[in-house]
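Read the figures in this text as sums done on the coordinates, not as results from a lab. Every value quoted in this text rests on a predicted model; they were computed, and no experiment measured them. Neighbour counts are summed over all protein chains in view; Cβ atoms, including those assigned to glycine, are modelled from backbone coordinates with ideal geometry.
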Amino acid sequence: MSRGFAARDVALYLRNRLIRQLTRLAAARDRTPPVVPLPVDEVIRGSRTPLALVRLLEGRSNAERESAVARYLRARGVPFALHRFSSDEGSGENFAVDLGAGERVLLLAAHHDAVPGSPGANDNAAAVGLSLSLIERLAAAPPPKLRLRFLFTAAEERGYLGARHYARETDAGELAGVLSLELCGIGDSVVIWDAEDETSFLRAVGAALEGIGLARDASYHVVGRIPMFGSDHRAFAPLGVPAYGFTLVPSANAEALRQFVWSPVRGAIRHLIRRPAPFDTYHTPRDRCSTLEPAALALALRALEAVIAAVA
């Protein structure tokens, strides 16, 4: 491991500890009853919309969530590569599904773990549901000149641990771009974040969003590096790969979100009782399927399909 990677790993560990402590404080007074998960086989036999597939993970332990993703892929006959990892920080299993052909790879990451005590619907079962739906929709006619890689990662909540292990073993040169899907089930505005530098991939993403009628700085936003908060794409950015977060937020909460996200420690303390959506349920017992918005999931699905078409 390089000294740079080691320093980043320590920083991620400390960041994660701080955020975890703050969110525990925010959830300490919450008396929301726990979610009773649906049987995995019932979810597998049911509807395959993103909202229905949230139930695959909602309310389960991280070991159960990991197992449920693998069971779903096997039951649906979807070939996948299994990437196990283990370290002093933790262990887990990543799953990678490739569709299409070509030398370039567009990687869409969605972590399957959640923080303890949270049902983990928006963070991050919604993104897993979107990815599974996209696999189903695109399997019959994948892009002929692009490989799509859907990466379901473990231990994102431990400083992107699964993604960091995966990134060390992958061929970064083949990656055209990476999007990590986070908090995709609430809101009417797409945010592409950690976008500090202009790249051809970022231009393609912007053109795709505008192609479905979204307007920059109105119904979609491109913002620079967000302090403290992060996701799996940050495991790939140090390798020189254009890698960004993909999130939905309510446009009505734009100013409150700006204050909360750009000053996360002060904002978390200020909003211990009430935080702006979608962070009002983030890492809490209230992050459940009933809070998700079908219109938000539909917008995320349409936006991702447009990005795939634009990159292809």
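The table below gives the values:
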{"quantity": "Under the span-like rule (Cα at least 24 Å along the axis, Kyte-Doolittle mean at least -0.5), DSSP H helices of the chain", "calculated": "3-27, 294-311"}
{"quantity": "Whole-angstrom gap from segment 275-312 to segment 130-151, using each part's C-alpha centre", "calculated": "19"}
{"quantity": "Principal semi-axes in Å for the chain [√(5λ), Cα gyration tensor, largest first]", "calculated": "25, 23, 21"}
{"quantity": "Size of charge dipole - the chain - debye, nearest 20, with Cβ of Lys, Arg +1 and Asp, Glu -1, no other charges", "calculated": "560"}
{"quantity": "Among GLY100, ASN62, VAL35 - extreme Cα towards positive end, dipole of the chain, charges at beta-carbon", "calculated": "VAL35"}
{"quantity": "From phi via Karplus (6.51, -1.76, 1.60), per-residue ³J(HN,Hα) for segment 181-192 in Hz, x at Gly/Pro", "calculated": "8, 9, 6, 9, x, 9, x, 10, 9, 8, 10, 9"}
